[in-house]
Each structure stands twice: as structure tokens, then as C-alpha cells.
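Reviewing the structure listed below.
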Amino acid sequence: MTYQPAVLEGVLERITYANEDNGYTVARVDTGRGAGDLLTVVGALLGAQAGESLRMEGRWGSHPQYGRQFHVDNYVTVLPATVQGIRRYLGSGLVKGVGPRIADRIVSHFGVRTLEVIEEDPKKLIDVPGLGPKRTKLIAAAWEEQKAIKEVMVFLQGVGVSTSIAVRIYKSYGDASISVVRGNPYRLAADVWGIGFLTADRIAQSVGIPHDSPERVKAGLRHALSLSSDQGHCFLPEERLISEAVKLLQVDTGLVIDCLGELAADEEEGGVVREAVPDPEDPERDLTAVYLVPFHRAERALAAQLQRLLHTPEDLLPAFQDVDWEAALGWLASRTGAALAPEQKEAVRLALTSKVAVLTGGPGCGKSFTVRSVVELARAKKARVVLAAPTGRAAKRLAELTGAEASTVHRLLELKPGGDAAFDRERPLQADLVVVDEASMLDLLLANKLIKAVPPGAHLLLVGDVDQLPSVGAGEVLRDLLADGGPVPAVRLKRIFRQAQQSGVVTNAHRINAGSQPLTQGMSDFFWFVEEDTEAAGALTVDVAARRVPAKFGLAPREVQVLAPMHRGPAGAGALNGLLQQAITPARPGLPEKRFGGRVFRVGDKVTQIRNNYEKGANGVFNGTVGVVTALDTDEQRLTVRTDEDEEIGYDFDELDELSHAYAVTIHRSQGSEYPAVVIPVTTGAWMMLQRNLLYTAVTRAKRLVVLVGSRRALGQAVRTVSAGRRCTALDHRLAGRRQPREAGRVPGGDHDGQKGAG
């Protein structure tokens, strides 16, 4: 069937579906035919707001289930001409400070002249009842900004950029947006969050940058390295990087090799470093590693600083070098009411006599009690003890355990906009003992910032479960510190205490870690609902989490956390979030809500931050921070979240791409958190993600209860499959000093220990 090109004009009434990845949108528009007759339009409408008048170009078609539809190829917004249209347009959230209530007042006062007044004489807005000078000025400024954005958007839409991305580009570059996009669109991938290389490359094509341009190839190489860091690698072997770049860019291998050489020849400008390091898979042979500069500097700096801490002659806890340990541990037992096991005693002695130490072990093995004992003894000697963890929940748990204040690592270091820390080597923390819990979550960049801030002579104790998933960010710091032959002393707690043996959660966590199937019969805190079909397992997961577990165990639905192996698919976190929101915070008449892309936000929603934002809150808000939506103001176009750290954080509506719902989260995002109950869908739909450390991490997030939902085959796969391969890091070799990595090509710049710009 041939479709005829057509033009349709109408007011966007509501968006019923939006895919943020590709911009595909399903919406209902009022074409002015009256009688509440709305028409369905589908296509590239992402960024359009309810209430806007649209002129859409496209074609008519018919859907077998939904009937006649208009397929949109592109659209522009047009200013409405009727009082009703102006009221909807102004109240749509387009202009900050104007919601439906304020819009109604303004339009009632000025009628069809409203937009003309705002455009030409905004001071007259003060005549509107209830609008003071402050709000009048805000509305005028917001209107001007919106006009400027619209001009930029006309250009950006012409080169294939969606409206939501166009807003971000304008916020980054302002009036220079068009010249940046024309001159060097690859800057966007580095400067604008949410724009990757592929989007920048599409824009570059539209503005005429050649396919084999060296700038394109260099940007592609940096993109491949950036992608690898997202997968946890600190570097890529040169051969692998070249191969991946050729595949990505579809250009000659020789051109990629030449461009990589140019990037490495000018480290400051190019942003990459080549260095010969031992092969992670075969340490006896070298490979040429290619690093992005921040990861290279951080890895060198972290190794150098740890060696300094280990070998400094200063000691800020001198009392423990010649203490009577039998007497000290006896006093401790009288304080705590329980004696330490032999390996716990060894860990306590190690933490208080070694400058750097690691304590690792699984659930129920007494890590928490050991940490409490270390802190008790240090405080008895009037030591300054600083406690931290990577997440707000883990920090709260550490504070409850020790009875002392604990904070997140970010807050402890007082990270500033741009990521610089208030505390570093020049201004170290005021501490004699620094204890960091959930250290498996420390990625290379954060660990480097933290270790730089530990003063010489202070003791550092890193506590974590090395069998859990490694950090979300690049590196495998805890595993590297525990590598055989390394200089950092460590104790691994293995004995499961009798009380913990009664727990199905603890028992099964250890069984899974050992490669055995979990026991599900006769357990009061560990259950398995078998469902082979992935879609049915997703629906059952929602029912278990929202209805069955709260009813049987007296928990609020928000205390039950769904942990999914992956984001996509019918039993993935994305789909489950939508279903759980419908079950727990459904739409209600009179309850305000905000639709953003494919998501709807309501008061009471459980949400999580999905990027580091150093500009928000007292010391930034970081990827993985969880909170609850406490307020939603459609006039101010602002939503408020109370985080797990009890901080109120405001989000303008155009910042909502930083938030995702958190009724269900991926297991990777749950690291460092603990929940009363967890429900885990284990399905064949997540086959490639099913690994032992993934399931082990999910189970160890539960305080009271675990429910597995899914397939026998999938559960077997998860228990059998050991995580594939090591991450590409060289920290263990830099620390061990067994064989110093050799330079490949020119010697990287920076100061002697790699401190310059690290992290």
C-alpha cells in the first residue's frame, strides 16, 4: 500500500507511550473537530509536550488493532491562536513557573493577546492577580530562554537531533550550540550527558564531516575505550582496540593505527596512553595496553599512594604496636559480651598494627562484629576514627553497627562540581583510622580519590566481600589488593557462625558461592516459585513483590526490592518497574504526575539517580543514590526526592532523565544496599547475564527474606557459570612490583607518581 505525504495540525493532548532510545512515540492529538474526538499519531515525537500545537508531516495509515493513525516523520511546534489553545500551551510545563493554575489566571486576564503580551511587554504580567514581581521576572526570563532554545532546535531537528537531546545541547553551549555542532560535533559525546559517539556521529554525517575524517576516527577510538571502561576495564589491549574501532567505524585498519599513534603522541590533547603491561590472562607475557588518561593516572597514583601508606615510618596508632593483646581482647569481650574467633582476632590485630589491611568474607562469617571490635579498641585509645561506605544505605548500616558517625565516601571527601575532592594529599582527612565498608564497590577513580586523602601514618581498613560482583565503575580494586604475592595484608573469614547457620539466606548464599543449588524446601526465609515462561515469571514477580510477600510477612511493598539480572526483557528491571508502579503507586484522580519520555513520576515513587551529578545537593548526588518522590509541583515544574541520606534534592522537569524508577533495579545497581526482602526473577530471557557472582550478590542483599521466581534451567545456569575472565587492570602488578610495567612508545607525561589529574 502506498502512503501519500500529508500534513496534520493539532494540539497534543497526551503521550501514551514513548521510547527514549529511538524517539518512537504514541500520542493523542485534538485536531479541533470537536466532540472530544482525539486522533492517534505515532512516530518521532519525543520531546513534544502536552498542550503544544504541532504541525506534523507524515502519512496516514491503519493499524489492525487500533484503527486509523497518522505516522509522523517530523514536526514543528506552532503558537496557538485560540484562548483554549493558549491556556493549554502555557500550562503544559513549557515555560518554567507556569503550570495549569497560573496559565489559567494569565489567559483569563489577557485572552488571545496573552502570548503577544509575554513576548513584547512581559512587565504587564504583574497586573495578573497573584503574580508578584519575582514570578513575573522568572516567567519573562523562561520565555526568552525557551525562544532561544526553539531557534537552536529548528537547526538541530534538521540534522536529526531529538528535542530532548537538543535541550541538553543548548544547556551546555547556549548561543554557541549551532557553531559547536557544525564545527566539531564529536565534542558532544564528551561534553553532553546522554549523547554518545553514535549520536554525535549521526550529527557529523548530517553536517558533512567525511566518513574517513581523522577527527571521526580519533573520536571513535576514544568511544571504544570509554565503552570498555563502562564494562569495567581500565584499559584495552591495543590489538583489541584497533579491531573494535575498525568494526565500529568501517574504515581501513591502517587509518585507525595512524590515528591511534597521533592520539598517544600527544597525551594532553589526545587523552590516551600506551604502556606495556603484563597480560591479565598470562602474566608472563606483555601486551600493549591503551588507557584513557584519567584511568592511567589513577591506577599509577593509587598504587604509589598505597605503597606510601604501607611503608611510611609514621604511625598514628602507636599504642597497638606493643599492646598486651590478651588483655585488650579480654576487655573487648567484656564490652561486647562475646569473644572473637581466632581469625577475627587476627583481623583485629592486623587492622590496628598494619597501615593498610583488607578484611573479606561472606555473610554470617562475622565481618560486622570484627569491624565493631576494631572501632571499639581504637576509640578506647582515643583514636580519631573515620567510617565510610560507597552508598548511603551501607554508611547507615555501618553507623548503626559501630555507634559512630559514618558517611558515604563522596560526602566524606566533599566532592565538588567537576569531581575534585576537598580532601586530598595536600589536605588529608583528620583521622588515625579509616574504615571503608562494602569495598568491593570501590572503582579505580573513587578508590584513588579516597586513598589520596588518607594521611601518612593513619591505618586504612578495607572491608568487603570479594566474591560479590565487582564495582560498577572501571577496575577491580578489592580483588587486585587481594592478589597473591601483593603487599597488602589480608584476612579472609570463612567460618559461618552457628546463629547464621539457621538462616536460609546465609546458607544458600554460601551454597551458591560454592557452586551448589540453593535449598528451597522447608526454609522459612528462602523460597522458590517455579515458572518456566519468562513473561509469566515477570508477572508472578510483580504479584509476589507487591502483594504476597507484604501480606504474609507484614512488610510494606516499598520494603520489598525486586532485583533483576538485566534491564531489558519481560522480566527485566525496565518492564517490572512499570508493572510495580501500577500496583504500588497507581494513577489517582487529583494526584499530580509528570510524564517524561516513557516514564511517569508520581509522589511516593521509589527512584534512583542514574548519573553522577556534582552540582546537586550538599556534595553531589551519585549514580545509585535511592530515594522517594515527596513532592511534585506542576507550576514550578519541579520534583523533590528525599534520598536514603535524608537529603531533599530538587529536580527540574527537564532533568528527569537523571532519574529512573527503583521498584525493580538490576543486581549491579543494588550493590552496597540491603533490603528486608528481595525478589529475584531468574529466567532464560537473561541467559547471558546468569552468573554465580550475580546471583550470590542478589541473595546477599537480603536481611530477612529471599524469593526466587523463574526457571529451573536458568537457576542451574546461574549457579554453574563462573564469571568470564578478569577485567583489564594492572593495579595488582603495580602494587606487587614483581615486574614493573614497561612503557610502550613515549613515556607518559604527568608528575612522577601519576598524581596529576588522576581521577
**Q.** Interchain or long-range residues, amide H under 5 Å from Leu45's placed H
**A.** Thr25
Q) Using Cα-only point scatterers and the Debye equation, what is log10 of I(q)/I(0) for region 83-205 at each q in 0.16, 0.18, 0.20 Å⁻¹, rounded to two decimals? A) -0.77, -0.87, -0.97
Q: When you have a sec, figure out the Kirkwood radius of region 52-119 from all distinct Cα pair distances and drop it here in Å to one decimal?
A: 13.6 Å
Q: Any chance you could give the angle, 0 to 90 degrees and rounded to 10, that helix 504-513 forms with the longest Cα principal axis of the chain?
A: 80 degrees
Q) Straight-line reach from Lys367: which lysines have Cα under 28 Å away, leaving out those fewer than 8 places along the same chain? A) Lys345, Lys355, Lys381, Lys382, Lys396, Lys449, Lys452, Lys494, Lys703
**Q.** 5 angstrom amide H check on Leu460, placed H, neighbours 5+ away
**A.** Val356, Ala357, Val434
Q | Spatially proximal lysines relative to Lys96 (Cα-Cα < 29 Å; intrachain offsets below 8 disregarded) | A | Lys123, Lys124, Lys134, Lys137, Lys147, Lys150, Lys171, Lys416, Lys594, Lys606, Lys616
Q. Using θ = phi - 60° and the Karplus curve 6.51 cos²θ - 1.76 cosθ + 1.60, what whole-Hz ³J(HN,Hα) does each residue of region 95-112 get, with Gly and Pro shown as x?
A. 10, 4, x, 10, x, x, 5, 5, 4, 4, 5, 5, 5, 4, 7, 9, x, 5
Q: Report, to the nearest 10°, how far helix 573-584 tilts away from the longest principal axis of the Cα atoms in the chain, using its own Cα long axis and a range of 0 to 90°.
A: 70 degrees
Q: For the chain, would you read off the P(r) tail past 39 Å as a percentage of all alpha carbon pairs?
A: 44 percent
Q) Expressed in nm to one decimal, what extension gain is obtained for the pair Ala338 and Arg704 from 0.36 nm per residue of sequence separation less their Cα-Cα distance? A) 129.4 nm
Q) Fully extended, how many nm does the chain gain between Arg492 and Val83 (0.36 nm per residue separation, minus their Cα-Cα distance)? A) 140.0 nm
Q: Return the sequence-ordered ³J(HN,Hα) values of region 184-196 in whole Hz as given by the Karplus equation 6.51 cos²θ - 1.76 cosθ + 1.60 applied to θ = phi - 60°, using x for Gly and Pro.
A: 8, x, 5, 4, 4, 4, 8, 9, 10, 4, x, 10, x
Q. Given the chain, what percent of its DSSP beta bridges are antiparallel, to the nearest 5?
A. 60 percent
**Q.** Accessible area per residue, Å², the chain with all protein chains present, probe 1.4 Å
**A.** 43 Å²
Q: Grab the beta carbon distance between Val530 and Thr40, set R0 = 56 Å, and tell me the FRET efficiency rounded to 0.05.
A: 0.90
**Q.** Two-site label geometry, Arg712 and Tyr614: point separation in nm, points 7 Å out along Cα→Cβ
**A.** 5.4 nm
**Q.** Estimated [θ] at 222 nm from DSSP helical runs (n ≥ 4, -39500 (n - 2.57)) normalised by residues in the chain, nearest 500
**A.** -11000 deg cm²/dmol
Q. Where does the Debye-calculated log10 I(q)/I(0) of region 312-495 sit at q = 0.10, 0.16, 0.18, 0.19 Å⁻¹, using only Cα point scatterers of equal weight, no solvent?
A. -0.36, -0.98, -1.26, -1.42
Q | Among 186-199, 95-108, 462-475, the order from most to least packed when residues are scored by Cβ within 10 Å on average | A | 462-475, 95-108, 186-199
(Q) Rounded to the nearest percent, how much of the accessible area of the chain (1.4 Å probe, protein heavy atoms only) is carbon and sulfur? (A) 50 percent
Q.
Need one word for region 488-527: rounded, prolate or oblate. Basis is the Cα gyration tensor (sqrt eigenvalues a ≥ b ≥ c); a/c below 1.5 gives rounded, then a/b vs b/c decides.
A. oblate
Q: Please tell me the relative contact order of region 312-495 in percent, rounded to the nearest whole number, where contacts are Cα pairs under 8 Å and at least six residues apart.
A: 29 percent
Q. Which whole-number percent gives the relative contact order of the chain, counting Cα pairs below 8 Å spaced six or more residues apart?
A. 12 percent
Q.
Between Ala319 and Lys134, what is the label-point separation in nm under the 7 Å Cα-to-beta-carbon projection?
A. 5.2 nm
(Q) Under a crude label model (7 Å from the Cα following the beta-carbon direction), how far is Glu145 from Thr253 in nanometres? (A) 5.1 nm
Q. Helix 342-353 sits at what angle to the longest principal axis of the chain, using alpha carbons and giving 0 to 90 degrees rounded to 10?
A. 80 degrees
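The values are calculated or read from the model by the stated rules, or taken from the named source; none is laboratory data. Since the model is a prediction, treat every value here as computed from it, not as a measurement. In this analysis, Cβ positions are derived from the backbone assuming ideal geometry, glycine residues included, and neighbour counts consider all displayed protein chains. Heads up: the accessible areas ignore ligands, DNA and RNA and are worked out on the full protein's heavy atoms, side chains in. Shrake-Rupley method; radii C 1.70, N 1.55, O 1.52, S 1.80 Å.
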